[in-house]
Each structure stands twice: as C-alpha cells, then as structure tokens.
1. From the list 57, 3, which one is closer than 22 Å to residue 133 by Cβ and either in contact with a Lys or Arg (Cβ under 6 Å, 6 or more places away or on another chain) or surrounded by fewer than 18 Cβ atoms within 10 Å (Cβ to Cβ) (or both)?
2. It is to be established whether one or more residues within the stretch 215-222 are in contact with a strand residue (DSSP E or B) (Cβ under 9 Å, 6 or more places away or on another chain), more than 15 Å from residue 186 (Cα to Cα), of a type in the set (Lys, Arg) and at pLDDT 95 or above.
3. Could you check the stretch 79-94 and list, in sequence order, the residues that are closer than 26 Å to residue 121 by Cβ and either part of a loop (DSSP other than H, G, I, E, B) or open to solvent by less than 20 Å² (accessible area, probe 1.4 Å) (or both)?
4. Restricting attention to the stretch 89-142, which residues are farther than 22 Å from residue 39 by Cβ and not aliphatic (A, V, I, L, M)?
5. Need at least 3 residues that are over 20 Å from the mean Cα position of the chain (by Cα) and either in contact (Cβ under 8 Å) with a residue 12 or more places away in the chain or surrounded by fewer than 24 Cβ atoms within 10 Å (Cβ to Cβ) (or both) per element, so show me which strands (runs of 3 or more DSSP E) inside the stretch 244-346 make the cut, counting only ones lying wholly within it.
6. Just checking, how many residues over the stretch 36-50 are in contact (Cβ under 8 Å) with a residue 40 or more places away in the chain and either part of a loop (DSSP other than H, G, I, E, B) or in contact with a Ser or Thr (Cβ under 7 Å, 6 or more places away or on another chain) (or both)?
7. Residue check, residue 75 against (1) open to solvent by less than 30 Å² (accessible area, probe 1.4 Å); (2) modelled with pLDDT under 95, all met but one. Which one?
8. Going by the structure shown, is residue 367 small (Gly, Ala, Ser), surrounded by 23 or more Cβ atoms within 10 Å (Cβ to Cβ), touching a residue at least 40 places away in the same chain (Cβ under 8 Å) and in contact with a Leu (Cβ under 9 Å, 6 or more places away or on another chain)?
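The values are calculated or read from the model by the stated rules, or taken from the named source; none is laboratory data. Predicted model only: the values in this text are computed from it and were never measured. Cβ sites come from the backbone with ideal geometry, for glycine too, and all protein chains shown count toward neighbours. With ligands, DNA and RNA removed, areas are computed over all heavy atoms of the protein, side chains included. Shrake-Rupley method; radii C 1.70, N 1.55, O 1.52, S 1.80 Å.
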Amino acid sequence: MRRASERDRELLNDTFAALCAIESPSGHERPCADRVAAELRALGLEVDEDDAGAVARADAGNLFARIRGTEPASVLLCAHMDTVPPLTPIEPVRVDGGWRNANEGILGADNKAAIAALLVLARRLVTGPARIGVELLFTVSEENGLHGAKAFDIGRLESRHGFVFDHATPIGEIVVASPTYHRIEAEFRGRAAHAGVRPETGRSAIQAAARAIAAMALGRLDPETTANVGTIAGGTATNVVPERCRIEAEVRGVDDKRAELVVTELVDHMQDAANAGECDLDVTVAAMFHSYRIDPRAPEIAIAERALRSCGYEPRPIVTGGGSDANAFRSNGFACLNLADGSERNHEPGERISVDALEGLLELTIAVVEECGAQA
C-alpha cells in the first residue's frame with residue numbers, strides 16, 4: 001500500500017537532488033543546515049539549533065523541531081547532515097532508475113536520502129497531523145565520530161524511543177548490533193640524515209611504521225571484528241632519511257573485550273617496530289563510540305517490523321560494522337534503532353540510490369509514525 005501521493009514523491013526527488021548538490025562535509029554543514037531549517041520554518045515549525053557545533057568543531061549545530069500529534073506521545077526521527085569529504089563536485093543526475101553523481105565521486109545519499117524523506121514527512125504531518133507527535137533531529141558531524149549526536153541533550157526529548165535511517169543496505173534490514181569504534185593515532189620519531197651521504201646515522205620513521213603495519217592482522221578478523229590502517233604520512237624529501245611518520249588506524253568490534261584485545265595487539269606491533277628501528281613512539285587510542293546489541297523483544301524492533309511489513313518489506317535483523325547516531329543515543333540511555341535507507345555503496349565514487357528505494361524510504365518513515373501511533 002502506497003501512502004505517499006504522487007506530489008509527495010515528486011517533492012521527495014526534487015528535495016533529495018537539491019540537498020545532494022549542497023556540499024556538507026563534516027564540520028561544514030552550515031549551507032545544508034540553513035536549507036533544512038528554512039524548509040521546516042516554511043512549514044510554520046519552530047526550529048532550534050543547539051551549540052553542538054562548538055563541541056564538534058563544526059560551523060553549525062544540531063537542528064531540532066517538534067510536530068505535535070493528536071495524542072501527547074511522540075517518536076524521534078533522526079538523520080545527519082554531514083557527508084564524507086567530496087573529492088569531486090556533486091551533480092545529482094537521474095539515470096537508469098536511480099540517482100548518482102554525474103562526476104566520479106560520492107552522491108551524498110548517506111544521509112540526505114533520509115533528510116529528504118523526513119522533510120516531506122514533516123510537510124504531510126503539518127497538513128494532516130498524525131495520532132503521535134514527531135520530534136525531528138538533524139545532526140552534525142556524524143561521519144567523523146557521531147559528535148553532534150553525542151553533544152545533543154537527550155533530556156529535551158519527549159519521545160521514549162527513536163529511529164535513524166542510516167545504513168546503506170536494502171530497506172528491510174534492521175541493525176540489532178553495532179560495534180565499538182577505537183581510533184588509533186601513532187607518530188614514529190626517528191632521526192633525519194642525508195640519505196646518500198650518511199644513511200647509517202639516520203633512523204627511518206617510515207620504515208618503522210611499515211614494519212609495524214606489515215606485522216598487523218588487518219581486515220575482517222572475525223564476523224564481528226575489523227581492523228584497518230587508513231592513513232600513513234611522513235618524510236620530507238627523497239634524499240632525507242625520514243624523521244617522522246604518522247599513521248591512523250581503527251578497530252571495530254561488537255564484543256568490547258575482543259576489540260580491546262585487537263587494539264592492544266596493534267599498539268604492541270607499533271612499539272615492537274619502533275624499538276627495532278630505534279625510534280620513539282607516541283600513541284593515542286580513543287573510543288569514538290560504543291557498541292550495542294538490542295534485545296529482539298525490544299518495542300522499537302516490533303514497531304520497525306510491523307512498519308516494514310506494511311510497506312511490503314521483509315524485516316531482516318543484521319549485525320553491522322558501521323556506527324550511527326543510534327550508538328550515541330543508546331550509550332546515553334535512549335532507545336534508538338537504525339534502519340537501512342536503501343542507498344548503495346556509500347562513501348564510494350559509485351554511490352547511488354534507486355528511485356524506488358528513495359520513495360520506499362519515505363513510505364517507511366510514514367509507516368513508522370503510524371505504527372508508533374497505534375501503540376500510543
């Protein structure tokens with residue numbers, strides 16, 4: 001059963017394309033935030049922007065708006081406004097039944113598909129209120145550590161639970177477990193020397209870092225644990241033994257103890273390599289967000305399952321290696337569920353979303369509100 005009108009679907013696609021064309025990498029969400037706030041205020045809604053920007057080192061804060069229903073109960077629906085850095089201009093084009101970037105870069109469907117769906121949903125609710133109220137939250141700096149969601153004051157919420165739509169897989173998937181994410185930053189410090197005249201007196205920081213990386217077990221270590229070295233940078237010139245080298249790595253794991261063990265192993269390899277290369281080493285490890293595993297009997301899962309089935313999707317519980325604002329909310333004691341948004345290949349040049357999936361996401365948001373209302 002389709003709940004959205006043809007006009008809703010046209011508006012959804014137009015809004016989505018317009019949002020994608022607005023570049024909003026983490027920390028630079030202001031143009032997107034201004035557009036979202038303007039859309040909400042044009043509907044007569046009061047929009048509050050918090051001070052999360054200062055904490056997240058972003059040029060905008062989280063946006064929060066509330067739409068009253070006919071009953072006092074409400075539900076939180078959330079999407080994030082930032083994207084990973086676009087390496088090419090974003091020119092959304094509709095090709096072969098879907099949206100993609102005309103250039104070889106990201107589209108921004110993560111998470112602007114959800115933003116567009118929530119804006120169209122808001123328009124529907126303003127003209128015809130639902131039984132249950134809806135609290136809308138648009139966060140900043142999700143991609144680089146969930147900073148906006150972590151800074152949001154959940155004490156402002158009237159809702160008992162919420163939903164984010166932020167997993168780039170087919171609609172129907174329900175994230176029931178998500179990992180802790182440890183970020184590791186390491187700097188190797190050796191000794192500079194002329195590479196052609198006095199290489200023996202030098203101590204190569206790059207060689208030490210390379211030795212450490214070569215010893216590490218990386219990739220998927222088991223079904224719920226991954227490790228990766230994402231960046232390496234060092235040296236000044238080809239004729240200088242490099243004095244410094246910096247690497248950035250991460251470990252993700254649903255089992256906290258297993259993840260911590262892998263972090264320790266990676267750091268040990270770094271220290272062993274630094275010692276072997278007669279280099280000094282500085283390492284920092286930070287848990288950017290924490291894992292969760294949801295009881296399959298949780299009420300938010302039951303609501304999601306009913307909403308999905310009413311839209312023609314078969315619910316599928318999954319364990320993910322990705323994080324979302326749901327991690328931050330659940331860590332702060334607020335029950336929040338992450339649902340797949342139907343986008344494909346997020347963070348990649350081939351990112352896309354089919355028109356069917358985009359419109360299906362709108363249907364899902366409407367159904368979630370209806371199912372929450374039925375429980376009010």
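1. That would be 3, the only listed residue that is closer than 22 Å to residue 133 by Cβ and either in contact with a Lys or Arg (Cβ under 6 Å, 6 or more places away or on another chain) or surrounded by fewer than 18 Cβ atoms within 10 Å (Cβ to Cβ) (or both).
2. Yes, some residue in the stretch 215-222 is in contact with a strand residue (DSSP E or B) (Cβ under 9 Å, 6 or more places away or on another chain), more than 15 Å from residue 186 (Cα to Cα), of a type in the set (Lys, Arg) and at pLDDT 95 or above.
3. Those that are closer than 26 Å to residue 121 by Cβ and either part of a loop (DSSP other than H, G, I, E, B) or open to solvent by less than 20 Å² (accessible area, probe 1.4 Å) (or both): 79, 80, 81, 82, 83, 84, 90.
4. 89, 96, 97, 98, 100, 101, 103, 104, 105, 131
5. 244-253, 280-289
6. Of the residues in the stretch 36-50, 4 are in contact (Cβ under 8 Å) with a residue 40 or more places away in the chain and either part of a loop (DSSP other than H, G, I, E, B) or in contact with a Ser or Thr (Cβ under 7 Å, 6 or more places away or on another chain) (or both).
7. Unmet for residue 75, out of (1) open to solvent by less than 30 Å² (accessible area, probe 1.4 Å); (2) modelled with pLDDT under 95: (2).
8. no
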